[in-house]
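S.K.: Dropping a structure here in structure tokens format, bear with me for questions.
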Amino acid sequence: MKLKTIFTLLLVTVAISAQAQQITEENYLKIDKEIWDTYYTKMDSISAQFKLHPEKKDSLIKESEIVYNTASLKNIEAAIKYAAVPSGLQRLFMVRLDIPKDTIKAIWNRLPQEMQLSPYGKSILMHIENKQLEEGDPYKDFEATDVNGQPFKLSSLSGKNILLLYGGLGCMGERGRNELVDLYENTSRESFEIVVYNTVSSLEYLKKAKDEYNVKFIMVSDFLQDHTPFKIIYGAQTRPTVYLINKEGKLVMKSVGFYPEKVKEKLKDVFTLSNKQ
């Protein structure tokens, strides 16, 4: 069955079930808690089984994938069903990349006007109305502020290869940050830059992030957090989401998570140039 058909059926099923259960913030939070309590309980059990029976690794991995996929589907179903309440609409925005746009548009069209005009309602509409960048697309410029409080535009780095990260310096851990630093130190600023978009609410927090990780990368934010056009146009949700833009301005790699070997493979000529200097 095609994904579009599955979501159409899901939308109809949710609409019918919504008639039998009151759509309230309280009911959504209750269901959301049940979904994730069940998920973590099952995953803890699988983890315990793995410690006792490491020989069952393959089957336990498959079981954990089923548990995750089940929770994810229930999460999407709850977001669709409770989109008319604040937390449900916020969750719909969080899972927007996993739902066909025509399904999201149908949901948005049914929302009360006050929800359509809410911050998450407006951001979902921006997602619907704009194409999210994929590999092979030209990059989209965006405006932000750097740690010195100065305006920043991605186009200011035109002609260079750019590794652009949507957050994630904390999520990738010390090992990931060290690999990122190694990548930075073994390339030339004339041909390569690393830019990290930070999901912070103010310049003060942007400076704290720079100091905390003690990195030389370009750190920027527009302080709009979830509602930044950058996140919506670039199709980012998980941190880090990583984009490699070549010197011609084309998006040549997009990945959830930082994989240094993939970046190095794409940047062979940059490393060769750096080593000759």
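A short reminder: the numbers here are calculations on the coordinates, not readings from a lab. Note that the structure is predicted; figures quoted are calculated from it, not measured. Here the Cβ is made from the backbone with ideal geometry for all residues, glycine too, and neighbour counts use every protein chain on show.
S.K.: Could you give the alpha-carbon Rg of segment 173-245 over 2.2 N^0.38 Å, rounded to two decimals?
M.R.: Dividing the Cα Rg of segment 173-245 by 2.2 N^0.38 Å gives 1.14.
S.K.: To the nearest whole percent, what portion of all C-alpha pairs in segment 56-97 is separated by more than 14 angstrom?
M.R.: Percent of Cα pairs beyond 14 Å in segment 56-97: 53.
S.K.: Express in whole angstrom the spacing between the alpha-carbon centres of segment 50-77 and segment 204-268.
M.R.: One Cα centre to the other: 30 Å.
S.K.: Something else now. I need two numbers for segment 177-219: Rg to one decimal and Dmax as a whole number, Cα atoms only, in Å.
M.R.: Every Cα atom of segment 177-219 included, Rg and Dmax give 11.3, 32 Å.
S.K.: Also: With the dipole of the chain worked out from charges on the C-beta (+1 for Lys and Arg, -1 for Asp and Glu) around the Cα centre, which of Q90, F50, I233 lies farthest toward the positive end?
M.R.: I233
S.K.: For the chain, what are the DSSP H helices with axial Cα length of 27 Å or more and mean Kyte-Doolittle hydropathy of at least -0.5? Can you show the working numbers first?
M.R.: Values: long enough: 25-52 (41 Å, -0.85); 57-81 (36 Å, -0.23).
Length and hydropathy pass: 57-81.
S.K.: Something else: At each listed q (0.09, 0.15 Å⁻¹), what is the log10 of I(q)/I(0) that the Debye formula gives for segment 152-277 modelled as equal alpha-carbon point scatterers?
M.R.: Debye output, listed in q order: -0.23, -0.67.
S.K.: Next up: For F152, enumerate residues with amide H under 5 Å from its amide H, sequence gap 5+ or separate chain, H modeled in the peptide plane.
M.R.: Residues meeting the amide H criterion: A144, T145, D146.
S.K.: May I ask for the percentage of alpha-carbon pairs in segment 81-230 that lie more than 25 Å from each other?
M.R.: 41
S.K.: Taking every DSSP beta bridge with both residues inside the chain, roughly what % is antiparallel (nearest 5)?
M.R.: If I count the DSSP bridges inside the chain, around 65 percent turn out antiparallel.
S.K.: Assuming a viscosity of 1.567 mPa s and a temperature of 4 °C, what translational diffusion coefficient in µm² per second does Stokes-Einstein assign to the chain, Rh being the Kirkwood radius over Cα pairs?
M.R.: Details: Rh = 21.0 Å.
Stokes-Einstein gives a translational diffusion coefficient of 62 µm²/s.
S.K.: What does the charge add up to near N69, with Lys and Arg as +1, Asp and Glu as -1, over the other residues with Cβ less than 13 Å from its Cβ?
M.R.: On the way: positive: K42, K62, K74; negative: E63, E65, E77, D98.
Here the count lands on -1.
S.K.: While we're on this one: If the viscosity is 1.306 mPa s and the temperature 10 °C, what Stokes-Einstein diffusion coefficient in µm²/s follows for segment 44-158 when Rh is the Kirkwood radius over Cα pairs? Intermediate results must be reported in sequence, preceding the final value.
M.R.: Details: Rh = 17.6 Å.
Estimated via Stokes-Einstein, D reaches 90 µm²/s.
S.K.: Right, another one. How much net charge surrounds I31 when only the other residues with a Cβ under 15 Å from the Cβ of I31 are counted, with Lys and Arg +1 and Asp and Glu -1?
M.R.: Overall, the nearby charge balance is -1.
S.K.: Taking only DSSP H segments of four or more residues, each worth -39500 (n - 2.57), what value at 222 nm results for the chain once the sum is divided by all its residues, to the nearest 500 deg cm²/dmol?
M.R.: -17000 deg cm²/dmol
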